[in-house]
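Each remark here refers to the structure printed beneath this line.
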Amino acid sequence: MQSTKEIWFNGKLVPWDQATIHVLTHTLHYGGGAFEGIRFYETDKGPSIFRLKEHIDRLLYSANTLKMELPYSANEICEAVQEVVRVNELPSGYIRPIAYFGYGKMGVNPIGSPPQLAIACWPWGAYLPHEAVDIKTSRFIRIHPSSTEVEAKLCGHYLNGILAVLELQGTHYHEALFLDDNGYISEGAGENFFMLKNGVIYTPQLGTILAGITRSTVMEIASKIGYQVVETNITLDDAYQCDEAFFTGTAAEVTAIRSIDDNVLGNGEVGPVTAIIKNAYLDIVKGKNPEYFNYLTVVK
Ligand SMILES: Cc1ncc(COP(=O)(O)O)c(C=O)c1O
């Protein structure tokens, strides 16, 4: 990854190389941390952070599921994020706030280890390697909602994703797709799933997935354009026979799916509806659609 100048580290800016932690940091051992992925884009008005408030609210919700009492309000964290973007002087990039239990004590119970917060940003281009990707169903199911706070974005949840993407090493697949405990499509390792059939857009309902902020943006865009968007259970057979499919996520933005388990969808290219939604999304995040200016925080 490409380094930048400074990282906001527990209340102050420190040089990139000095934002380091003790090896006995609680979260490093047990995964009890919360994080966010946020993008900022170059716009006519300057670098603009997309849906900052929603991301920070989700960060605090996630931290709260761990009973982590951060000594910062949502507003203070939003200010800190803007400061990181400002001092690093990038036109666009990715922001990673992480809240974690620091060095203090060992044992599974994190209470007693100090809550810490760090916020970094760096340039990050496309997350997935192609305009349209080949994906494979994982042999692991998505973490079970009865095992965890499924809508929190917690560090430990990503063990599920790590195992799934490691299975793809050395294959032609670009991303893993999780099913849930009932065999329905859940989501990608770092993205939400959408598909189109006979002009209707379908996406898995909440319950086993991360409630993606891009997912909600895309549902709003698609409805405003005039598509019916249905949140429902989707089987793999439904997906194999769909006309188009795509992933959404802050990092992946809107990325077309070319094939699922080697079943090529449509003509194997970015589908026309996917293209419409992707372009509309990129216009919004880049400040080209006044109707959505309220989703942008311009960094002065
Ligand atoms: C597992 C998972 N699902 C979905 C998403 C998409 O969420 P969002 O659109 O809020 O970035 C992400 C990325 O944060 C993710 O890691």
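What follows is calculated from the coordinates using simple rules that are stated; it is not laboratory data. In this text the structure is predicted, and so the values were computed from the model without any measurement. Note that each Cβ is placed from the backbone with ideal geometry, even for glycine, and that neighbours are counted across all protein chains shown.
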Cα centroid of the stretch 96-172 to Cα centroid of the stretch 182-249, whole Å: 21 Å
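Where both residues lie in the chain, what percent of DSSP beta bridges are antiparallel, nearest 5?
Numbers: 45 of 57 bridges.
Antiparallel: roughly 80 percent of the beta bridges in the chain.
Can you give the helix-only mean residue ellipticity at 222 nm for the chain, where every DSSP H stretch with n ≥ 4 adds -39500 (n - 2.57) and the sum goes over all residues, rounded to the nearest 500 deg cm²/dmol? Show your work: numbers first, answer last.
Details: 7 runs with 75 residues, N = 300.
Value at 222 nm, helices only, nearest 500: -7500 deg cm²/dmol.
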Taking the convex hull of Cα positions in the chain, its mean projected area over all directions (nm²): 15.3 nm²
Cβ crowding within 10 Å averaged over residues, with 120-127, 239-246 ranked highest first: 239-246, 120-127
GNM flexibility winner over the chain from M219, M195, M106 (Cα, springs under 10 Å): M106
Candidate lysines - alpha carbon under 30 Å from K67, same-chain residues fewer than 8 apart omitted: K12, K53, K105, K153
Dimensions (Å) - the stretch 6-122, Cα atoms, principal axes, largest first: 50, 29, 19
Residues whose placed amide H lies under 5 Å from that of A132, excluding near-sequence neighbours: none
Cα gyration tensor of the stretch 184-250 - equivalent ellipsoid semi-axes, whole Å, descending: 16, 16, 10
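Fewest first, what order do V230, V23, V150 take by the number of other Cβ atoms within 10 Å?
On the way: V230 12, V23 8, V150 21.
Result, fewest neighbours first: V23, V230, V150.
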Highest-fluctuation residue, N198, N279, N109 considered, GNM on the chain with Cα pairs under 10 Å: N198
Scattering profile of the stretch 132-285 at q = 0.10, 0.11, 0.15, 0.16 Å⁻¹ [log10 I(q)/I(0), Debye over alpha-carbon scatterers]: -0.31, -0.37, -0.72, -0.82
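Only Lys, Arg, Asp and Glu count, each charged at its Cβ (+1, +1, -1, -1), so figure out the dipole size of the stretch 132-285 about its Cα centre, rounded to 20 debye. Write out the running numbers ahead of the final one.
Working: 9 positive and 20 negative charges, 35 e Å.
Computed about the Cα centre, the dipole is about 160 debye.
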Stokes-Einstein D for the stretch 99-139, Kirkwood Rh over Cα pairs, 25 °C, 0.890 mPa s (µm²/s): 168 µm²/s
Binned Cα-Cα distances of the stretch 222-300, short to long, each 5 Å bin given as a whole percent: 3, 13, 20, 22, 20, 9, 7, 5, 1, 0
Loop-located trypsin sites (Lys or Arg not before Pro) in the stretch 192-289, at most 16 other Cβ atoms within 10 Å (DSSP): K286, K288
